[in-house]
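Written below as structure tokens is the structure these notes are about.
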Amino acid sequence: MSEIQSISIVSTQTVAQPKPHTTYTVQVTTPMRSWTVSRRYNDFVALNDELLSSTGKAPPAALPPKHPWSITRSAYDQKVIRERKVLLEAYLRAILNHRDPRWRSSYTYLDFLAAPAASSSSVPTSWTPSNWLSEHTNIQAQLRTARSALLKRDALAGMGDAPGSRGASVEAKKMLRDVGERIDALSQALGDISKSIGEGERKRREEMIEGLKNERGDLQRMADAGVRTIRDMAPKAGETSGFGAGSRNMPGSIPNGSGAVGPAPGRVFGRQPPPEETSETRPLDDRGLLQLQQTKMDDQDSQLEELSKILRRQRNMGEDIDREIRDQNEILDEIQTDVDKVGGKMARAKRQLNKLS
């Protein structure tokens, strides 16, 4: 199922049978499609009770109160219906946009919205070169979403939100399992459409699949490794490391006295200059420096990945050019052979004309 982007209650309808009641038309929008579903107020109450029971925590917004009908206020009171419509819409949106995914990812909530099952729309039933590329793009988007969930897991853990962190971790692992199945289906589908594409395009798509597998493997290792926070990565008191307690001897900082680690043993010609602070590292403490180092390493990894993609594209272009040149050479050889044959025939015809004259 595509990720739900927005929810709104677009209209209401008052029904007289079997008892007077109002239905609310809920419109659900995803990147791929949108649909509507009609629900009564009692359906919202049942949803709220089930979410509380299944997750152990009340949803982030409360339902509007249930007004008792009286002589002056009936089931057709438009003021009550309008007020309830606004509050019910806010209730659904609060669940959708809350940082904790436990409610919006539950089966009860998705069933209430009549969201299609993931298996019914995630993989095409028949494959073409075009929808193969579309599925590849969808898998890339799901991998990005899984990476965001893992980063969200670490961020929530750093803020002390254990339930939110666990929810993000479960969500990421679920997406990675689904991605693994979709990559296998994509790989199998490449064999089905290989007759419709050229050899060079087939190799390019094989490399695209390999890239998806590598990225999923990296994310799976991140998911299995558990939460990573700056507090976990910082050195503990009493540990023997290059960054002792109270030391500023981090990468990019100035050693301070006995806490500094000496240079590696070996022959050194001349005196090595001590490391110098920069405007970027000077205001940071040990944890800030560690975070800066991690950020720069991540940036370098991203740059290497982009460079690898460029090199793969250039190699594919080189292979395509090589194949094209070979094809052109074969065509030229055939033309040369045909020219030689025509030249021979013309020479024989000329000799025959000379004999006749």
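Couple of notes before you dig in:
- Any hit, the stretch 153-164, residues being over 30 Å from residue 60 (Cβ atoms) and assigned to a helix (DSSP H, G or I): no
- Scanning the stretch 169-183 for residues that are out of contact with any Ser or Thr (no Cβ under 9 Å at 6 or more places or on another chain) and not β-branched (Val, Ile, Thr) turns up 169, 173, 176, 177, 180.
- Residue satisfying all of: in the stretch 135-177; of a type in the set (Ser, Thr, Tyr) and surrounded by 19 or more Cβ atoms within 10 Å (Cβ to Cβ); nearest to residue 302 (Cα to Cα) among these: 169
- Checking 290, 307 one by one, the residue that is in contact (Cβ under 8 Å) with a residue 40 or more places away in the chain, within 52 Å of the chain's Cα centre (by Cα) and either part of a helix (DSSP H, G or I) or closer than 30 Å to residue 218 by Cβ (or both) is 290 and no other.
- Given (1) outside any helix (DSSP H, G or I); (2) at pLDDT 85 or above, index of the condition residue 147 fails: (1)
The values are calculated or read from the model by the stated rules, or taken from the named source; none is laboratory data. Please read all numbers here as calculations on a predicted model, not as lab measurements. Every residue, glycine as well, gets a Cβ built from its backbone with ideal geometry; the counts of neighbours run over all protein chains shown.
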